[in-house]
Ligand SMILES: NC(=O)c1ccc[n+]([C@@H]2O[C@H](COP(=O)([O-])OP(=O)(O)OC[C@H]3O[C@@H](n4cnc5c(N)ncnc54)[C@H](OP(=O)(O)O)[C@@H]3O)[C@@H](O)[C@H]2O)c1
């Protein structure tokens with residue numbers, strides 16, 4: 001089956017391409033560095049010729065709420081319009097578990113807009129809400145690090161391995177559209193500060209972590225807000241197993 005991956009060079013995108021090709025599918029790679037821009041629509045029509053399903057794992061770094069909504073909104077409109085022209089039969093969107101429980105986060109507002117457009121659109125769809133990835137803690141600490149110290153919230157999360165996310169997306173894309181899928185999550189709850197500390201240790205990095213609810217993530221994300229729903233699909237790779245591969 002011919003399946004396009006929007007965001008094919010990214011963290012999840014590159015693993016999704018590998019999962020699709022490993023299962024014998026024809027993966028079409030789309031990203032700006034490969035000449036396809038979902039923000040402008042450039043290159044989309046050519047890339048989607050003969051494509052039956054699209055997996056959207058693009059991202060936006062916008063930190064302002066309006067900019068994030070505009071970026072995810074424009075990208076999704078362009079992608080869905082091109083899919084309709086090409087006769088694509090299944091749009092798979094990677095989203096975030098618990099989006100509706102967190103109002104104040106700009107990225108989440110953008111992802112809600114993306115979900116709204118996909119679910120109201122004419123291309124049959126599956127939305128896959130994932131918990132944070134195993135590399136999320138170190139990524140957040142890297143964003144915030146200044147002079148050897150990084151403020152980071154002690155979020156309670158149930159992280160999932162990027163390769164497990166990719167495998168699930170590849171599996172879902174070849175099947176029939178399912179609408180809103182169950183949350184997908186890893187096997188164990190974790191504390192984000194502890195995850196960042198252990199990832200840094202494994203990678204030989206020295207960063208002073210400062211637990212706080214006054215930085216990127218505020219108290220509205222405390223408690224069990226970020227945990228997956230009770231019927232979540234639990235992926236096999238634990239944080240510890242993933243960590244054992246970090247150098
Ligand atoms: N991190 C988490 O814990 C987490 C948890 C749940 C869900 N998610 C979601 O997972 C998704 C993917 O995250 P990721 O970490 O894999 O992202 P990433 O590593 O930042 O990759 C983003 C990809 O999108 C491409 N891209 C960006 N703008 C584009 C544009 N205008 N046109 C075409 N391609 C574009 C990038 O390539 P170019 O730069 O070459 O264009 C890259 O291939 C995000 O939507 C995020 O919300 C993340």
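What the table shows:
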{"item": "Tensor-based shape of the range 152-247 (alpha-carbon gyration tensor, a/c under 1.5 rounded, otherwise prolate or oblate)", "result": "oblate"}
{"item": "Ordering of 142-149, 41-48, 239-246 by burial proxy (mean other Cβ atoms within 10 Å per residue, highest first)", "result": "41-48, 239-246, 142-149"}
{"item": "Angle in degrees between helix 65-86 and the longest Cα principal axis of the chain, rounded to the nearest 10", "result": "30 degrees"}
{"item": "Debye-sum result for the chain in log10 I(q)/I(0), which assumes one identical scatterer on each alpha carbon, at q = 0.12, 0.17 Å⁻¹", "result": "-0.69, -1.32"}
{"item": "Percentage relative contact order, the range 2-243, counting C-alpha pairs under 8 Å, at least six apart", "result": "20 percent"}
{"item": "The chain: angle of helix 162-173 to the longest principal axis, Cα-based, in degrees nearest 10", "result": "20 degrees"}
{"item": "Rounded Å value of the spacing that divides the Cα centres of the range 65-118 and the range 177-206", "result": "23 Å"}
{"item": "Shape category assigned to the range 1-81 from the gyration tensor of Cα positions, a/c cut at 1.5", "result": "prolate"}
{"item": "Among 91-100, 64-73, the order from most to least packed when residues are scored by Cβ within 10 Å on average", "result": "91-100, 64-73"}
{"item": "Pairwise centroid distance, computed over Cα atoms, of the range 1-30 with the range 215-230, Å", "result": "31 Å"}
{"item": "Residue-averaged 222 nm ellipticity for the chain, from DSSP H runs of 4+ at -39500 (n - 2.57), nearest 500", "result": "-11500 deg cm²/dmol"}
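Read-outs throughout are calculated quantities, based only on the coordinates presented, and are distinct from any laboratory measurement. Everything numeric here is computed off the predicted structure, so don't read it as measured data. Note: ideal-geometry Cβ built from the backbone for every residue, glycine included; neighbour counts use all protein chains shown.
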